[in-house]
Amino acid sequence: MMLRLTFWLALALYGAVYAALRLAIHPPIPASVLTIYMLLTAIAILVFVSADERRFTQFIAPLAAVFEGRAPRAARIAVLAVIPLAAAWATYVRVAPSADAPFELRVIHPEPPSSLSVHGRRVEIAGLQNPLRAKGSELDKPIREGKTIYYQNCFFCHGDALAGDGHFAQAFRPIPANFRDVGTISMLQESYVFWRVATGGAGLPKSATPWNSAMPVWQDFLTEEEIWKAILYIYAGSGSTPRTWDDEVKHDKH
Amino acid sequence: MPGGITLQATGTGRPAFEALKDTYKGVLKISLLLALTYLIAHGLSSVLPAADYRALPVMGNRVAVWIFAQLHLMFGAFVLGVPIFALITEIVGVATREQRYDELAREFTKLLAMAYTVTAVLGCVLLVLLVTLYPKLTGYLSQNFKPTWILYVVLIFGEVVLAYLYWTTWDGTQGARKKWHLLLGLLVNLWGTAILFVADIWVTFMMSPAGIDDAGNVTNLWQAVNNHTWMPINVHRLLANVAFGGAIAAAYAAVRFLNARTAEERARFDWMGYVGSFIAIAAFLPLPFAGYWLGREIYQFSQQMGVSMMGGSFAWLWILQAFLIGSLFFAANFYLWLGMGRIPGAERYTRYQVAMMLVLTLGFVVWATPRSIIATGVEMAAMGGSHHPFLGLFGVMAAKNTAVNLMILTTFLSFMLYRRANRVPLVTWASAGKIVQGLVIAVASGVVLFYGVYSYYVTSMVRIGFSVYQVLAVLVAMAVFVAVDIPMLRGARQIGAIRWGEIPARAQYALFFMAITFTWLMGLMGYIRSGIRQYWHIYGRIADESAHAFTMTHGHATLIVSGIVIVFFLLVSVVFALAARHEDRPEAA
């Protein structure tokens with residue numbers, strides 16, 4: 001009868017989830033996320049077994065047997081030994097020296113400023129649109145030119161496939177953005193991307209510390225139009241589209 | 001006499017006269033309080049040297065205003081939520097002709113007088129703090145929003161009168177006159193909602209100002225009122241108040257259950273906890289949608305504000321929020337499943353729990369997956385950035401929407417199984433009905449999943465449209481399910497009566513957990529909402545030039561929120577204890 005094995009099944013399930021997360025996913029899940037997942041797994045299992053009186057009784061039966069002295073002596077000794085050992089192990093893991101660089105709590109997408117200065121001109125972010133798109137469907141040529149700009153400037157870092165894996169990529173921490181990732185340019189408005197390209201790592205605000213991004217300040221090397229063309233290309237080349245809101249400029253009317 | 005709830009507060013003699021007397025006392029109390037506040041605020045302002053900001057020693061301006069504003073809001077939510085809760089249960093009582101619903105509604109309404117007083121006192125302290133510590137900002141707001149302030153005061157008096165009448169006429173209007181009492185209850189709630197909407201004007205204007213000229217003067221009051229975030233916040237807060245009122249009622253029932261000495265009392269408070277949690281969860285289910293709408297409006301108002309809320313420094317607090325919401329779903333289902341243990345016939349449905357738990361857990365996992373992952377350099381290099389190629393898929397809104405829709409559907413299903421646990425439908429079309437129900441749930445899940453996956457392949461504009469389809473699918477499925485359920489279970493055979501009072505004690509802790517989590521969420525989300533203005537009083541228009549304009553660390557902020565939650569529960573306990581003492585006292589001769 002499955003019910004009688006509740007406790008052991010729960011343990012086995014926990015172990016199986018851990019093994020699956022550790023072994024089946026590549027690249028490996030970072031420790032911080034793994035901790036969250038395993039914590040959730042534990043909570044879920046506990047909630048499940050205790051949400052039914054019969055499961056619950058069966059679940060605590062082995063524990064009760066141990067702590068009420070009914071279990072075999074060897075089992076009791078084993079449990080009592082495991083508790084301090086587990087605590088010791090957890091302590092060891094926390095304090096053991098490691099060669100890893102410390103965690104970086106970097107905010108990837110900090111809030112943009114309300115305006116920025118490009119070639120000495122003030123540009124308002126709110127309502128800022130890619131001027132090349134405004135011209136209508138005639139996008140092929142600017143995209144082609146954007147591609148050239150990309151290969152002359154961005155390719156070394158952001159890569160041939162626009163996947164953040166250029167030749168230099170591994171030399172930088174943080175590594176260059178992967179434009180094919182759903183979590184980068186495809187969820188940003190074009191005005192945001194313009195700000196990031198024009199002002200680079202140096203233009204990141206206070207909340208995005210530490211300031212160690214290698215992303216160059218492109219307004220020092222490109223014209224405004226070239227930047228917009230490059231942006232057109234990174235969207236087109238990675239098969240994504242910028243985020244838009246239906247009535248984006250609405251609040252200007254007020 | 002279980003709990004002594006049948007006690008007559010108005011006496012039997014001259015109910016109409018007593019009712020008016022109590023109402024009069026209430027109005028007098030509020031008038032005195034307002035007058036006192038005015039005198040203190042005015043006095044302090046004229047005694048203290050003129051300044052744009054005045055410093056409060058030790059605690060600091062910001063934290064003081066924050067604590068009192070949040071406590072005032074929580075009590076405000078309580079006094080708005082309780083009448084909604086009371087009216088719903090009263091209506092259910094009339095519809096089912098079950099006296100115990102009426103008694104329940106009455107018992108909670110009794111708390112109102114005391115709770116209003118606490119709310120008003122907190123509000124007055126807040127007002128004094130604002131006027132003395134932030135004279136410039138307060139001056140600006142009161143000058144530009146004068147009509148709304150006057151409206152607010154009028155509304156408050158109206159609400160006090162209506163609420164007192166609602167309470168004092170309770171016993172006198174049983175029977176034929178009940179419909180007038182229900183009407184009164186409706187008025188109390190409409191009035192309360194109006195108060196909420198007016199108070200939201202100032203808050204939302206500070207977030208997303210509209211209708212003002214370059215100098216910052218309000219030129220179009222209606223535009224200033226009807227700014228980007230006003231309606232979404234109104235709706236969000238209204239729903240949250242209902243959920244909050246229900247959750248607090250359930251937590252109160254849990255305390256009484258755990259302290260009960262007789263089986264009768266346990267049965268009564270078990271049932272009360274169930275009703276409270278039912279209303280709380282029912283109001284909680286649409287909340288994520290309302291929140292999504294609010295978030296969207298914030299983005300539309302200002303990309304900068306939207307990004308700092310979701311992607312910027314505040315992003316980490318959303319992980320906390322995800323944990324709390326996910327836990328709420330767990331707690332709600334946990335409570336229902338444990339409750340099914342005391343319903344004969346519910347065994348038939350236990351086997352579904354495995355699948356339901358799986359959906360809930362996967363949904364929770366998706367919700368709790370951060371968008372930018374904390375990783376060491378080595379891990380980052382392996383992932384190729386801070387975005388894990390696989391987990392990154394869970395970090396975006398499309399995944400979270402899909403997850404929450406499925407979690408909502410699952411919790412709804414738990415409710416429906418609970419509802420039918422001890423009944424066997426006798427109508428001839430029962431099996432067809434069940435198939436239809438199964439189909440709508442399957443189709444809705446399919447639609448949610450399909451659009452969830454499909455949204456990775458389309459532009460953000462289209463994606464936003466998808467979330468609407470997902471919500472619609474879930475809403476339609478729930479409506480169809482209930483529409484089939486009601487006639488299907490009419491005249492059903494009862495396997496056995498619910499054994500009220502036999503729920504395991506640990507279920508009661510789920511009720512506490514829900515109440516505390518709701519409160520904590522309100523504090524946390526309130527902080528985010530207010531915090532994303534960053535160093536602005538009025539976003540983009542009037543900067544905060546005080547020493548406290550900086551955004552504090554998350555650790556510090558969450559500690560303050562937690563402190564507020566503790567103080568709130570202490571105060572609520574006092575209100576409940578005083579009400580209980582009143583109730584236990586033998587009727588004075």
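Here is how the numbers come out for the structure above:
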read-out: Scan of the range B:408-433 for residues that are assigned to a helix (DSSP H, G or I) and free of Cβ contacts under 8 Å to residues at least 40 places away in the same chain, ordered by number; value: B:S431, B:A432
read-out: Count of residues meeting criterion [of a type in the set (G, A, S) and in a loop (DSSP other than H, G, I, E, B)] in the range B:340-380; value: 3
read-out: Test result for B:Y454, open to solvent by 70 Å² or more (accessible area, probe 1.4 Å), hydroxyl-bearing (S, T, Y) and more than 14 Å from chain A (Cβ to nearest Cβ); value: no
read-out: Checklist (1) touching a Leu at 6+ places or on another chain (Cβ under 9 Å); (2) within 14 Å of another protein chain (Cβ to nearest Cβ); (3) in contact (Cβ under 8 Å) with a residue 60 or more places away in the chain applied to B:P209, failing item; value: (1)
read-out: Qualifying residue in the range A:54-68 (condition: within 14 Å of chain B (Cβ to nearest Cβ), surrounded by fewer than 17 Cβ atoms within 10 Å (Cβ to Cβ) and of a type in the set (D, E, K, R)); value: yes
read-out: Single match in B:P286, B:P370, B:P389 (criterion: of a type outside the set (A, V, I, L, M), more than 8 Å from chain A (Cβ to nearest Cβ), out of contact with any Lys or Arg (no Cβ under 8 Å at 6 or more places or on another chain) and without any contact (Cβ under 8 Å) to a residue 60 or more places away in the chain); value: B:P286
read-out: Residues of the range B:296-339 satisfying the condition of being open to solvent by less than 20 Å² (accessible area, probe 1.4 Å) and either outside any helix (DSSP H, G or I) or assigned by TED's automatic domain parsing to the domain that holds B:M407 (or both); value: B:S302, B:G311, B:G312, B:F314
read-out: The range B:36-57: number of residues that are open to solvent by less than 60 Å² (accessible area, probe 1.4 Å), assigned to a helix (DSSP H, G or I) and hydroxyl-bearing (S, T, Y); value: 2
read-out: Of all residues making up the range B:549-561, the number that are assigned to a helix (DSSP H, G or I) and exposed (fewer than 13 other Cβ atoms within 10 Å of the Cβ); value: 3
read-out: Neighbours by Cβ (under 7 Å, 6+ apart or cross-chain): first from the range A:106-126, over 22 Å from A:A214 (Cβ atoms); second assigned to a loop (DSSP other than H, G, I, E, B) and open to solvent by less than 30 Å² (accessible area, probe 1.4 Å); value: A:S114/A:I125; A:S115/A:I125; A:I125/A:P112; A:A126/B:S302
read-out: Single residue of B:N226, B:N217 found to be within 14 Å of chain A (Cβ to nearest Cβ), more than 16 Å from the chain's Cα centre (by Cα) and within 18 Å of B:S142 (Cβ to Cβ); value: B:N217
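The values are calculated or read from the model by the stated rules, or taken from the named source; none is laboratory data. Given the structure is predicted, the values throughout are model-derived calculations rather than measurements. Neighbour counts are summed over all protein chains in view; Cβ atoms, including those assigned to glycine, are modelled from backbone coordinates with ideal geometry. Areas reflect the complete protein model, heavy atoms only, side chains present, ligands, DNA and RNA absent. Shrake-Rupley method; radii C 1.70, N 1.55, O 1.52, S 1.80 Å.
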